[in-house]
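Below: one structure, written as structure tokens.
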Amino acid sequence: MQWWCAATAADWQWSWRPYPGVWLVVGLIAAAYLGALTRARRRATVPSRQPVYFAIGLVCLWAMLDWPIGALGAGYLLSVHTLQYIVMTLVAMPLLLVGLPQPFWPEPGSAGLARLLHRLSHPALGLALFAATMAVTHVPAINESLMKSQLGSFAVDMVWLLGAFGLWWPVLAPEGYVRMSLPAQIGYLFVASIPPTLPAAFMVFAAYPIYGLYELAPRVGAVSAGGDQQTAGLIMKACSDPILWIAMAIVFFRWQRAEARADGEAAGPTPQESPS
């Protein structure tokens, strides 16, 4: 029995396989969240929508790591591997962060973890961490050497989540940590859409498969290695950009609401008309 999804070079079977390592990680995250949520509710009111966001994010993460998507992406289809990356970094992680109540985080300005989180909220560092993790984990030699072992495959998944945290923390961090204005966050997210272009272009326009792991993997259905790689490149760009555009739109509307509130407060209360 495998504890984590990794490349096996065995023929693909649509029969269910257990991956207890995935269940353990997801279960530990859920347990830690429930404990943090209980403590947060003792200190402040937690919006009811936050646990919903966290639950959706955790389900997305679970779906990407467990059978069948986790197994297909680990050693059979590069397109599924890319789908895992997009959902884990651009969907699951922001939902998990939005779902964490503010009392969960240490007070800004305190020592230890708060100081580290404050440094990670710098936008340049967030973009650098996101771009670096994406670039390193998509280098063919590194990817192929890691995905062949359960520990290496686990490391790739955790590095993806680390890079995703680096990307979203400057935008979604609670008050006291965020350094950017709302207009600057829109520009930041636009810049974040640029790094995926490079690996996407390599995968779409390469004349031959660049990942030996997926080229030599047992075929799943009638999907060829070349077609799988081109699909992966299209997913990398065609799926990541709309997600980031949606995030930019959300920030834009938050900005507009903030401007409207500020204008209303500056105008002050409207005098009531005297009765005729």
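Any idea what the dipole of the chain comes to, in debye rounded to 20, about its Cα centre with Lys/Arg Cβ at +1 and Asp/Glu Cβ at -1? Walk me through the numbers on the way to the answer.
On the way: 15 positive and 13 negative charges, 126 e Å.
Computed about the Cα centre, the dipole is about 600 debye.
Which value does Rg/Rh take for segment 20-258 over its C-alpha atoms, Rh per Kirkwood? Working shown, then result.
Numbers: Rg = 18.6 Å, Rh = 18.8 Å.
On the Cα set of segment 20-258, Rg over Rh gives 0.99.
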Relative to the present Cα-Cα distance, how much length would full extension add between Arg41 and Ala258 at 0.36 nm per residue of separation? 75.5 nm
Calculated FRET efficiency for the pair Ala207/Gln102, C-beta based, R₀ 41 Å, to 0.05: 0.20
Rounded to whole Hz and in sequence order, give me ³J(HN,Hα) for segment 151-157 from the Karplus expression 6.51 cos²θ - 1.76 cosθ + 1.60, θ = phi - 60°, writing x for Gly and Pro. 5, x, 5, 4, 5, 4, 4
Figure the gain on full extension for Val136 and Arg17 (residue separation times 0.36 nm, minus the Cα-Cα span) and round it to one decimal in nm. 39.9 nm
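Residue separation times 0.36 nm, minus the C-alpha to C-alpha distance between Leu162 and Met1: what's the value?
Roughly 55.2 nm would be gained on extension.
Could you calculate the FRET efficiency of Leu151 with Trp245 from 1/(1 + (r/R0)^6), where r is the beta carbon distance between them and R0 is 41 Å, rounded to 0.05?
Calculated value: 0.70.
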Taking θ = phi - 60°, what integer Hz values does the Karplus form 6.51 cos²θ - 1.76 cosθ + 1.60 yield along segment 261-266, in sequence order, with x for Gly and Pro? 5, 5, 5, x, 5, 5
How large is the helix-only mean residue ellipticity at 222 nm for the chain, computed as the sum of -39500 (n - 2.57) over DSSP H runs with n ≥ 4, divided by its residue count, in deg cm²/dmol to the nearest 500? -22000 deg cm²/dmol
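Computed from the coordinates by the stated procedures, all read-outs in this text should not be read as laboratory data. What you are looking at is a predicted structure, and each value in this text was computed from that prediction instead of being measured. When we count neighbours, we look across all protein chains shown, and the Cβ atoms used for this are built from the backbone with ideal geometry, even at glycine.
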